[in-house]
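**Student:** First the structure, then my questions, so here it is.
The values are calculated or read from the model by the stated rules, or taken from the named source; none is laboratory data. Because the structure is predicted, anything quoted here is derived from the model rather than measured. Ideal geometry is used to build each Cβ from the backbone, glycine not excepted, and the neighbour counts take in all protein chains shown.
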Amino acid sequence: MTRRWPVVLVGPMGAGKTTVARLLADEWGVPARDTDHDVESLEGRSVADIFVDSGEAHFRELERQAVAAALADHEGVLALGGGAVLDESTRALLADHHVVFLRVGLSDAVKRVGLGSSRPLLLGNVRSRIKTLLDERSAIYESVATLVVDTDGRTPGDVAGEIGKAL
Ligand code: S3P
């Protein structure tokens, strides 16, 4: 069979697209690529951050562009993000390719994705909620504070030490 590149893997989160793409690519001696990863490296931020800071519609536009670029030039295996096929123009481009649907049932998908998932459509709500709360409340905390201590990247002991010295 003459393989037309890229060979594309689609399916929901937890279908194993990224892992399977790597295995296939090794087998065939070609590179594996993943559109979530392409978007992240182009943007210099995670998919979760793009969702929270710029919104899902913006992520979908970046994803649409990344998919089109990869379909045009990737000579290997390409794993698409789970929602990429929701875009009509992406579906039209896929018509020219080998597209493998990795089907998965609910319980296996949940098991594979895991409870620690950072996928924005799953646990992204926690992140979005915290962002909203910080936006709404930071000025209020500052207005009542006599001391402000940064805690980012610091241990609780370090933070407590600073407060102990100051008060
Ligand atoms: C999404 C799936 C994710 C990622 C984003 C949105 C979706 O990719 O693109 O979180 O809409 O199903 P994976 O399917 O690789 O997890």
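**Student:** Residue pairs, Cβ under 7 Å, 6 or more apart or interchain, first in the range 128-150 and closer than 20 Å to Ile163 by Cβ and among the acidic types (Asp, Glu), second surrounded by 10 or more Cβ atoms within 10 Å (Cβ to Cβ) and modelled with pLDDT of 70 or more. List them.
**Tutor:** none
**Student:** Follow-up question, since we're still on this one. Within the range 20-54, how many residues are in contact with a helix residue (DSSP H, G or I) (Cβ under 9 Å, 6 or more places away or on another chain), polar (S, T, N, Q) and in a helix (DSSP H, G or I)? So that I can check it myself, show each step before the final result.
**Tutor:** Residues of the range 20-54 that are in contact with a helix residue (DSSP H, G or I) (Cβ under 9 Å, 6 or more places away or on another chain), as a first pass: 30-40, 42-43, 45-54.
Remaining after also requiring polar (S, T, N, Q): 35, 46, 54.
When the remaining residues are screened for being in a helix (DSSP H, G or I), the result is 35, 54.
Looking only at that region, the number is 2.
**Student:** So, Glu61, is that one assigned by TED's automatic domain parsing to the domain that holds Leu24, exposed (fewer than 10 other Cβ atoms within 10 Å of the Cβ) and at pLDDT 75 or above or not? Spell out the reasoning first.
**Tutor:** On the way: assigned by TED's automatic domain parsing to the domain that holds Leu24: yes; exposed (fewer than 10 other Cβ atoms within 10 Å of the Cβ): no; at pLDDT 75 or above: yes.
Considered against the rule, which asks whether it is assigned by TED's automatic domain parsing to the domain that holds Leu24, exposed (fewer than 10 other Cβ atoms within 10 Å of the Cβ) and at pLDDT 75 or above, Glu61 comes out as no.
**Student:** Identify all residues within the range 95-120 that are under 22 Å from Glu40 (Cβ atoms) and modelled with pLDDT of 75 or more; write none if there are none.
**Tutor:** Leu102
**Student:** Okay, moving on. Could you say which residue among Ala48, Ala79, Ala70 is crowded, with 18+ Cβ neighbours inside 10 Å, within 13 Å of the ligand (Cβ to nearest atom) and farther than 30 Å from Thr132 by Cβ? Explain how you work it out, then say what you get.
**Tutor:** Working: Ala48 fails: farther than 30 Å from Thr132 by Cβ; Ala70 fails: within 13 Å of the ligand (Cβ to nearest atom).
Within the list Ala48, Ala79, Ala70, the selection yields Ala79.
**Student:** Just wondering, is there one or more residues in the range 11-19 that are within 14 Å of the ligand (Cβ to nearest atom) and free of Cβ contacts under 8 Å to residues at least 12 places away in the same chain? Before the answer, list the steps.
**Tutor:** Step one: filter the range 11-19 for residues within 14 Å of the ligand (Cβ to nearest atom), giving 11-19.
Okay, now just the ones that are also free of Cβ contacts under 8 Å to residues at least 12 places away in the same chain, so 19.
Among the residues of the range 11-19, at least one is within 14 Å of the ligand (Cβ to nearest atom) and free of Cβ contacts under 8 Å to residues at least 12 places away in the same chain, which makes the answer yes.
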